[in-house]
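First the structure, in the form of structure tokens, and then the observations on it.
The values are calculated or read from the model by the stated rules, or taken from the named source; none is laboratory data. Note that the structure is a prediction, hence the values are computed from the model and not measured. With ideal geometry, Cβ positions are generated from the backbone for all residues, glycine too; neighbour counts draw on all protein chains shown.
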């Protein structure tokens, strides 16, 4: 997941934004079970440049994780216009799809023996990454649509 997120967050932005998104405690039939928030605060300036929210959800024995990044320190999620634009950027061991989810540019990653992952560009300085072994491609896109409509 860290490799996926790092490779997607290639384009950094200096534009400041307010931290406007709050993840809901319940999304469809999924319930929040844990959350960890990391503020993006460089030691050189002490300025708060955003945050990263890690939140785990469960439904029965199934789990999924959402990572919400916000603020100028998080930067802009790079989503290419088409998959061919990813050459040399992404792993050749995964299948990628560039799509639109609830009006937001997104990229879906499917890889053998790894969770399905969907990264969604919410705005210039905010993005979501959702990953789960429990959801297939269509289900993770539907989950993302439901989540975005709640934000």
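Could you identify the single residue in 144, 138 that is in a helix (DSSP H, G or I) and either surrounded by fewer than 17 Cβ atoms within 10 Å (Cβ to Cβ) or modelled with pLDDT under 95 (or both)? Before you say what the answer is, go through the steps one by one.
Numbers: 144 fails: either surrounded by fewer than 17 Cβ atoms within 10 Å (Cβ to Cβ) or modelled with pLDDT under 95 (or both).
That would be 138, the only listed residue that is in a helix (DSSP H, G or I) and either surrounded by fewer than 17 Cβ atoms within 10 Å (Cβ to Cβ) or modelled with pLDDT under 95 (or both).
Looking at the structure I just gave you, is residue 98 assigned to a strand (DSSP E or B) and modelled with pLDDT under 95? Walk me through it before giving the result.
Values: assigned to a strand (DSSP E or B): yes; modelled with pLDDT under 95: yes.
In short, yes.
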